[in-house]
Structure formats: structure tokens, C-alpha cells
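Here the structure is laid out as C-alpha cells; the discussion comes afterwards.
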Amino acid sequence: MRRMTLILTAVAALSLGGQAHAASFDCRKASNPDEIAVCDSRELSELDVKMATLYETIIKLVGMGVRGAMQDQQRAWLQERAGCGADRTCIRRLYDTRISALEAEVARIAKGGPY
């Protein structure tokens, strides 16, 4: 039941959309070109919040083995995003791909019920 509540909460939060122009990290501390690009773009900031919400939800729902693999994937994804530099098209493409993968993971978890 707790897992289903977390999933539903995450889905509800994501469906509200990014109403505030704020990334999932402190933009005052952004120093890398990719971070600055995310902070300077409402669209990228909203994608960042959506991705971070999905990721944090999944991390709370999976076991330790899967959690470690997810953390490794997230670190690799952040390095890949850094490789985009300030290229917003590159960053957006990476967010779209990562969000799709995380949404697929949420769907896989949801299928595993009952909760």
C-alpha cells in the first residue's frame, strides 16, 4: 500500500507540471555549462524537476541491489549531460531519454503489485 501511495503521489506531482522555474538543484551553485543551461531555461528546469521526482520516487521503491544500479545509472547520466556543455538541444534529448526510461521503471514497479 505504501508503494502505491508513493507512485500515485509522484504521478500527481508530475501531472501538475513545472509551475515554478526551478531546477532540482540549487541554481545559485551551478558552475558547469550544463547546469547553467538548465537553470537558464524554463523548459530544461521543468524537465530536470520531472526527472528528479521520478528518480527519487523509484529509489524509495526498489531494493538495495536495484537502488545501487539506479544510482550508478544516474551518475553516468549526469556525466553524459555534462558532456553536452551548454548545448540545450543535447541536454533536452538526454532528459527526454532519461525520463522515458524512468517512466518505464515506474510502470514496471506498478505492475508488481498488489500494494
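Model label sites at ALA107 and GLU56, defined 7 Å from Cα along the beta-carbon direction, differ in position by 2.5 nm. By other beta-carbon atoms within 10 Å, ranking ASP40, ASP26 with the fewest at the front produces ASP26, ASP40. Counted by neighbouring Cβ atoms within 10 Å, the residues ILE58, ILE99 run from fewest to most as ILE99, ILE58.
Here the simple spin-label model places points 7 Å from the Cα toward Cβ, and for ASP40 and ASP72 these points are separated by 3.5 nm.
Each residue in MET70, MET51, MET64 was given a count of other beta-carbon atoms within 10 angstrom of its own, and listing them fewest first yields MET64, MET70, MET51.
Each label point was placed 7 Å from the Cα along the Cα-to-Cβ direction; for LYS29 and THR89 their separation is 3.3 nm.
Once a ≥ b ≥ c are taken as the square roots of the eigenvalues of the Cα gyration tensor of the range 59-113, is the result rounded (a/c under 1.5), prolate (a/b larger than b/c) or oblate (a/b not larger than b/c)? Note, shape of the range 59-113 comes out oblate.
All of the numbers you see were taken from the coordinates with simple rules; none came from a lab. Computed from a predicted structure; not experimentally measured. Cβ: placed from backbone, ideal geometry, glycine included. Neighbour counts: every protein chain shown.
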